Amino acid sequence: MQSASRPDPVRETLVDILRQLNQAETRHEGQEPEQALELQEIVDRLASQRIPRKQAAVASALGLLVRNDLVRQVGTGAYSWQRQRQTRPRYQITPDGKKWLVEALESANRVR
């Protein structure tokens with residue numbers, strides 16, 4: 001049984017991924033290809049924020065988010081001038097993902 005004071009690591013990973021995708025979408029508004037992130041870009045962003053996650057864990061979490069329509073997979077194989085190479089599958093937050101993220105952040109800030 002998990003202690004009430006210790007956060008759920010799976011939920012934290014889901015929230016952290018959605019945060020990164022939301023930030024990418026906001027930061028690159030109007031530049032659709034840059035509003036989505038590749039798996040490795042998400043892993044790198046989490047690591048740069050001192051939230052180390054193994055790529056396999058992030059990939060599993062992304063799969064769960066995609067299956068629940070909180071994240072969508074967008075185009076593959078197109079050349080990206082921003083990335084200077086052919087892109088791999090990219091992921092983008094959905095409106096339902098934004099809603100879930102807001103609810104998750106609000107519930108984390110509630111006094112228990």
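Summary table
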read-out	value
Fewest-first ranking of LEU14, LEU39, using other Cβ atoms within 10 Å as the exposure measure	LEU39, LEU14
Label-point separation, GLU12 to ALA104 (7 Å along Cα→Cβ), nm	1.3 nm
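Read-outs: derived from the displayed coordinates by stated rules, not from any lab. Given the structure is predicted, the values throughout are model-derived calculations rather than measurements. Glycine gets a Cβ as well: all are built from the backbone with ideal geometry, and neighbour counts include every protein chain shown.
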